[in-house]
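Just below is one structure, and these are the notes that go with it.
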Amino acid sequence: MSKQRVFELIREEQVILWVGAGLSKYAGYPLGYELGEILLNQLNHNERGYLVNASLADIAEEFIRYHNNTRAPLNRLLHGIFIDKKPTTKIYHEKIAKIPHLKTIVTTNYDKLFENSIKNLRVIHSNKEVSLIEDSKPVLFKIHGDPSIGEVIITRADYYKQIKEMDELVKAHLISKISTKSVLFLGYGFEDTNVNILFDNVLELLGDNATELFLVAPKLNTQKINYLNSKRITYIDSKAEKFINELTDNIRRNINADSEKGIVSLNTVTQFMNNHGMELDLKTDRGKTLISGVRGVNGKDLKGKLNLAFTDIQHKEKFFEKLSGRSFEDIVLTSEELKDINFAIQDVTFLDLMQLESIVLSPTPKIHNVSIEFGEHVISNVVLKVYYSQYMIENRFELPSGTIFYRIHQPVNITQEGTINVSLMIEHNMNANAKVIDEINYNRLTKHFGTGEHISVSFDNGNIAKFRFKKEADLVENSQIRLGIYTALRDIENHYNVRFIGVQEFTDEDFRNIGLLHTIATKGQFDAVWDDFLEFSFFVDEKTREFLLKPTHSPIFIQNEKLEVVNLFGKEIPIGYRTVVFPEPYISNKDEIVFGQNFIAKIKGRTGKLHVKYYSEFPNLPDYIVIKE
């Protein structure tokens, strides 16, 4: 379809807009024949008589002759009609101004509707202004001049002169544009002789490589349509105003999809959204810049609209049941449930059925920033989301390590004891950036909820709410277990100067490493029970013989010369050089060792314990027996 084809070309920024007097009619400005009648009425009866069926060019020529061959009266008249007279409306020119895809506009009109509608517009009348053209700014060529600068093309002599003497830079720029872009004529009847010649020259130059040309006008006769076909111009039967409305809607529906496809520049998308009151948040994904969010220009509110059509009545009823307010859970809709969907912000489509796998609708809460005081502890900057419907009230305390929320069903029933029945729920949905201290605070709070003791919530507006819940022993127990684990991790962080982020799941090895690191961090050593023998081979020198002959022995130190490192949640933590100490050792095969009958000593501690220490540097131990691993 021709109309859809030109819509696609405009969305791809491949169209020049060529505008005639018909597009200014709605604003109160005259068409060509109407302007001719205004000029005729300025002549005497005899002059008017033989010009009744004359063209505007011939009437203007006679008007100048009637005024002693001076153009000043004609210029003043045109200035009054097109410059001094204010338009009754600019609505359609303002709609075009919101379409940054149209970067080049050519007009034969004298009015200033485009200049007063489009920001940062470069207006070109002659060669001397061509240097002002910038790729980033829209440009308007006024090829029939402008009464405000005293130069217009209106008489037959003016047209012939323009054909011969049209500014070369302007002409070259127009030919260059027409050669590479398609052209859309709006409000233009194609009767302008010099424009016909310009296009004939360009089409002859391009041959089979000519670009696509379109003309929009209502209900042209067959003769005119055949004439357009001879010029290779595709005719679209429509009023210009209707076409502009349909074009605007088409771009609104497709701008986001066009952006994702890369067929429209990011600068044009940004301008289009800004023209509709939106600023963009952008993200980069696999080398492509995509729209990740929108917000109102200067912080203004945005208006959104969601239209849904369901595949059957059951899905529709299920949706409205969820929407009723009996639950504040997210509503998830899939493409299988929907026959059609359109989600628009400021009338710009951001989602349709073709793009949909699923859509999530979330209720909008009232948000507070609060501090929670319980026992000896205070947690600041907690987000409290309050949801309200005719069926229930739900308060959600959102912490980095999880959400604690409770529901009060409507109508509220207060017991004789002055209590309210509520449903308390815990969601341990830790975010990826949660710190150990966040988990400590979270589990302290959940434990306090379970004890049934009072909690005080201070709101950002100065209000304070106090409440408590029923005792829940399981909640206290589970919170205490996790609190112990994260408190140990906090001690490890402080001792070894490390930080753990997003730690939620634990393996058996993690628990062993946490126990080891925490013991070293808090006690410096730990004891191990050892009732069996340790066997070592060593050279018996005089010092060793003397040691072995003693009835009681000093401690034996077993050293590891290698620095030990523990991996905990991706952190390589050097814990030191391990030294195992037998406090009161004895050797069961002492005689065999002394007399050289055996070089393997069987050592056992009288206390049944070993002391294990880790040193940050390799230690210089006392002058006792030291066996190195």
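The values are calculated or read from the model by the stated rules, or taken from the named source; none is laboratory data. What you see is a predicted model; the values in this text were computed from it and never measured. Every residue, glycine among them, receives a Cβ derived from its backbone with ideal geometry; neighbour counts consider all protein chains shown. SASA here: full protein model, heavy atoms, side chains in, ligands and nucleic acids out. Shrake-Rupley method; radii C 1.70, N 1.55, O 1.52, S 1.80 Å.
Here are the numbers:
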read-out	value
At R0 = 30 Å, FRET efficiency that the Cβ-Cβ distance of ARG65 and TYR227 yields, to 0.05	0.40
Stretch gain in nm, segment GLN390-LEU323, where the contour uses 0.36 nm per residue and the Cα spacing is subtracted	22.9 nm
C-alpha long axis of helix 156-165 to longest principal axis of the chain, angle in °	50
Heavy-atom accessible area per residue - the chain, 1.4 Å, Å²	54
Solvent accessible area, Å² - ARG482, 1.4 Å probe, full protein context	60
Dipole moment magnitude, nearest 20 debye, the chain about Cα centre, only Lys, Arg, Asp, Glu C-beta charged	1560
Projected label distance in nm at GLU134 and ALA172, using a 7 Å step from Cα toward the beta-carbon	2.3
Zone residues, the range 7-45, relative to THR88, backbone N less than 12 Å from point 7 Å out along Cα-to-Cβ	25-30
Segment LYS283-ILE313, extension gain: residue separation times 0.36 nm, minus the distance between their alpha carbons	6.9 nm
For LEU399, residues with placed amide H under 5 Å, excluding near neighbours	ILE404
Contour excess over end-to-end distance, with Cα ends at PHE467 and ARG5 and 0.36 nm allotted per residue	159.8 nm
Accessible heavy-atom area order of HIS93, HIS377, highest first, probe of 1.4 Å	HIS377, HIS93
The range 290-347, relative contact order in percent, only Cα pairs under 8 angstrom and at least six apart counted	52
Ranking by accessible area, most exposed first, for GLU572, GLU8, GLU34 with a 1.4 Å probe	GLU572, GLU8, GLU34
Among [x] 52, 28, 23; [y] 88, 34, 21; [z] 45, 30, 22, the entry derived from the coordinates for semi-axes √(5λ) of the Cα gyration tensor in Å	[y]
R0 of 22 Å, Cβ-Cβ distance VAL383-SER358: FRET efficiency to nearest 0.05	0.25
The range 143-161 versus the range 368-407: alpha-carbon centroid distance in Å	73
Rounded tilt (10° steps) of 436-451 against the dominant C-alpha axis of the chain	80
Candidate residues TYR110, TYR160: accessible-area rank, largest first, probe 1.4 Å	TYR160, TYR110
Carbon/sulfur fraction of accessible area - the chain, other protein chains in place, 1.4 Å, %	48
Local electrostatic count, MET392, Cβ distance below 15 Å [Lys/Arg +1, Asp/Glu -1]	+3
Average Cα contact separation per residue, the chain, under 8 Å, 6 or more apart, as relative contact order %	7
